[in-house]
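First the structure, in the form of structure tokens, and then the observations on it.
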Amino acid sequence: MIKKKVRGVFGLVIAIAIVASGCGQAKNENSSGEAAGEGTKTIENLPAAIAAKDEIKLMVIRKIGGDDHTAQFLAGAKQEGEALGFKVDTFSANGDTAKFHDAIAQATDGGYDGVIISHGDDEATVADVQKLKDKGIPVVAFDSVNELTAIEGVTLTSQDDEALAKYSLDQLVKEQGEEAKIVYLWVDGFPPMVRRNKIYQDTLTQYPNIKEVERFGVANNNTSVETQNAVAAMLTKHPKGEIDAIFATWDAFASGAARAIIEAGRTEIKIYGIDLSNADLQIMQEENSPWVATAAVDPKMIGAVNVRLLAKKIAGEETPSTYNLEAALIDQEGLKKSSEPVNMVNLADILPGWGTTDAFEEDWMKSLKAANSK
């Protein structure tokens, strides 16, 4: 095993100590296509493009930040990459467009073997990715602009945003009725939000007697607090009976709204959200919590799947141009079935399949993980 402390290549990125295993990127390859690692370790069926590299370096750059979903996404990508013996740097721009694009520009010249981009939402992102591709650096983009699919070799991944919104809204209508009075927490400009909004508009068309009382939305590193303040102000304007529910298209919205409702003693208002974290689960499980349901994909799993796709690209293997990760609905009734507090790990005990997928996990990846765990 080779262990090195690696300095991040940009001033934007905090230096990260990363463990890299030499087993996965062996220099010697035998005639059967197997790569020989240090000592007696052998990785069967390791792609030649992987075996030929002394080390593989990945960069994960996310535009939004300041929320638990971002932290878990980055952690999942880092964990999966390091399990494969890769070096993984991560960076969150916390909503700062200039920092986001500067990070991509520096990654382009940073000696990386592959780059993951998250929440690129403008034309400049397309130009950035094209520059990466022109330098031969493969790219996977999560929750980013659809125009990226026009760049050959790029995979655009997303949560199944349509399903997320439909699961949550269907539960709202089921429990609050077809004449519910609701507050809509949403922000425009992000591809996943645009997709979720389409389902919301479709729902209003399907149920014309649903009334949108108010709406609010900001996306920054203080979203939850600003949402809490906005919802608190709404509650002073609308006495009991004027709001039945809140549809929150992001858990940063839902958590802020929950705090405002609890502090105001207005728990008759129920929250239906999207996305999930340990902090969210804690709120949902509090006694008389207003947050009754949320639709989600495990963010750590999203990060892991993006890394697997990127590894396949580096290996020269075929990858799809788009991929949606399957969504699930989590509600209070299900959480109450557990005899112990539910977190992102043991959620799988009451929601089979949560947080696990073998999508794009090739046999050679399993072999690399096994070798690097020794």
Item to check | Hits in the range 88-118 - residues which are in contact with a strand residue (DSSP E or B) (Cβ under 6 Å, 6 or more places away or on another chain) and farther than 11 Å from VAL60 by Cα | outcome: ASP113
Item to check | Residue list for the range 305-322, restricted to those being in contact (Cβ under 8 Å) with a residue 24 or more places away in the chain, open to solvent by 20 Å² or more (accessible area, probe 1.4 Å) and in a loop (DSSP other than H, G, I, E, B) | outcome: GLY316, GLU317, THR319, PRO320, SER321
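Within the group ALA98, ALA93, ALA150, ALA124, which residue is touching a His at 6+ places or on another chain (Cβ under 8 Å), farther than 27 Å from LYS53 by Cβ and not hydroxyl-bearing (Ser, Thr, Tyr)?
Only one candidate qualifies: ALA124.
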Item to check | Condition met for GLU175 (exposed (fewer than 14 other Cβ atoms within 10 Å of the Cβ), more than 17 Å from the chain's Cα centre (by Cα) and not aliphatic (A, V, I, L, M)) | outcome: no
Checklist outcome for this item: Apart from one, (1) in contact with a strand residue (DSSP E or B) (Cβ under 8 Å, 6 or more places away or on another chain); (2) of a type in the set (S, T, N, Q); (3) modelled with pLDDT of 95 or more; (4) farther than 14 Å from TYR272 by Cβ all hold for GLN159; the odd one out is (3)
Checklist entry - assigned to a loop (DSSP other than H, G, I, E, B), touching a residue at least 40 places away in the same chain (Cβ under 8 Å) and surrounded by 16 or more Cβ atoms within 10 Å (Cβ to Cβ), is that true of ILE182? => result no
Checklist entry - Pairs, please: C-beta under 6 Å, at least 6 apart or cross-chain, first residue over 23 Å from MET365 (Cα atoms) and among the hydroxyl-bearing types (Ser, Thr, Tyr) and in the range 56-82, second outside any helix (DSSP H, G or I) and open to solvent by less than 10 Å² (accessible area, probe 1.4 Å)? => result THR70/ARG62
Checklist entry - Is it the case that LYS237 is in contact (Cβ under 8 Å) with a residue 60 or more places away in the chain, surrounded by fewer than 24 Cβ atoms within 10 Å (Cβ to Cβ) and either of a type in the set (D, E, K, R) or under 21 Å from ASN220 (Cβ atoms) (or both)? => result no
Next on the checklist: Here is a check on your reading of the model: is ILE302 in contact (Cβ under 8 Å) with a residue 40 or more places away in the chain and not in a helix (DSSP H, G or I)?
Outcome noted: no
Next on the checklist: Looking at PHE247, PHE216, PHE253 in this structure, which one is crowded, with 17+ Cβ neighbours inside 10 Å and farther than 21 Å from GLY66 by Cβ?
Outcome noted: PHE247
Next on the checklist: So ALA293 passes all but one of these: (1) closer than 22 Å to GLU340 by Cα; (2) out of contact with any Phe, Trp or Tyr (no Cβ under 9 Å at 6 or more places or on another chain). Which condition number does it fail?
Outcome noted: (2)
Checklist entry - Any idea which of ALA103, ALA75, ALA83 is within 16 Å of the chain's Cα centre (by Cα) and either on the phi < 0 side of the Ramachandran plot or open to solvent by less than 10 Å² (accessible area, probe 1.4 Å) (or both)? => result ALA75
Checklist outcome for this item: Sole miss for LYS166 among (1) closer than 21 Å to LEU276 by Cα; (2) open to solvent by less than 30 Å² (accessible area, probe 1.4 Å) is condition (2)
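The values are calculated or read from the model by the stated rules, or taken from the named source; none is laboratory data. Being a predicted model, the structure only gives us computed values, none of them experimental. In this analysis, Cβ positions are derived from the backbone assuming ideal geometry, glycine residues included, and neighbour counts consider all displayed protein chains. For accessibility, only protein heavy atoms count, side chains too; no ligands or nucleic acids. Shrake-Rupley method; radii C 1.70, N 1.55, O 1.52, S 1.80 Å.
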